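Some notes on the structure that comes next.
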Amino acid sequence: MADCFFHTGRPAVARCKQCGRPLCSSCRKITDLGIFCSDECAQTAKIHAERMQKIEEQKASYRGSKWSGIAKVIKIIVFLAILFAIYKFVIARFIR
Ligand SMILES: [Zn+2]
Ligand SMILES: [Zn+2]
């Protein structure tokens, strides 16, 4: 690996997850989201992760609403089919 971005001569042990800068053991900032070179990078990554999560949530809720819409249509079709069957049954019984 290359030298630390902040200290020339010191070998890098990790890379910033956000900007990709090589970092030595004293420069790396370890967070629950990964290793970063600075608080700004950690913040940017956090915002990015939150945004991604929101997009995923929106996708999930969209998928859910789409499925409930299909379920509604199926219910209407089943209901109409039952009505039609009853109608046919009544016609066959009484109108002859
Ligand atoms: Zn960085
Ligand atoms: Zn360093």
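The values are calculated or read from the model by the stated rules, or taken from the named source; none is laboratory data. Bear in mind the structure is a predicted one, so any value in this text is a computation, not a measurement. Glycine gets a Cβ as well: all are built from the backbone with ideal geometry, and neighbour counts include every protein chain shown.
Values computed for the structure shown
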item: Members of the stretch 71-96 that are outside any helix (DSSP H, G or I) and of a type in the set (Val, Ile, Thr); result: Ile95
item: Residues located in the stretch 13-27, provided they are within 12 Å of ligand 1 (Cβ to nearest atom) and of a type outside the set (S, T, N, Q); result: Ala14, Arg15, Cys16, Lys17, Cys19, Gly20, Arg21, Pro22, Leu23, Cys27
item: Residue satisfying condition, being surrounded by 11 or more Cβ atoms within 10 Å (Cβ to Cβ), touching a residue at least 24 places away in the same chain (Cβ under 8 Å) and farther than 24 Å from Thr8 by Cβ, within set Thr31, Thr44; result: Thr44
item: Candidate set: the stretch 1-33, residues that are part of a strand (DSSP E or B), more than 9 Å from ligand 2 (Cβ to nearest atom) and touching a strand residue (DSSP E or B) at 6+ places or on another chain (Cβ under 9 Å); chosen: the one farthest from Ala49 (Cα to Cα); result: Pro11
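Table: residues versus (1) within 30 Å of Phe6 (Cβ to Cβ); (2) in a helix (DSSP H, G or I); (3) at pLDDT 95 or above; (4) within 16 Å of ligand 2 (Cβ to nearest atom).
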{"position": "Ile35", "(1), (2), (3), (4)": "yes, no, yes, yes"}
{"position": "Cys41", "(1), (2), (3), (4)": "yes, yes, yes, yes"}
{"position": "Thr44", "(1), (2), (3), (4)": "yes, yes, yes, no"}
{"position": "Ile47", "(1), (2), (3), (4)": "yes, yes, yes, no"}
{"position": "Lys54", "(1), (2), (3), (4)": "no, yes, yes, no"}
{"position": "Gln58", "(1), (2), (3), (4)": "no, yes, no, no"}
{"position": "Tyr62", "(1), (2), (3), (4)": "no, yes, no, no"}
{"position": "Gly69", "(1), (2), (3), (4)": "no, yes, no, no"}
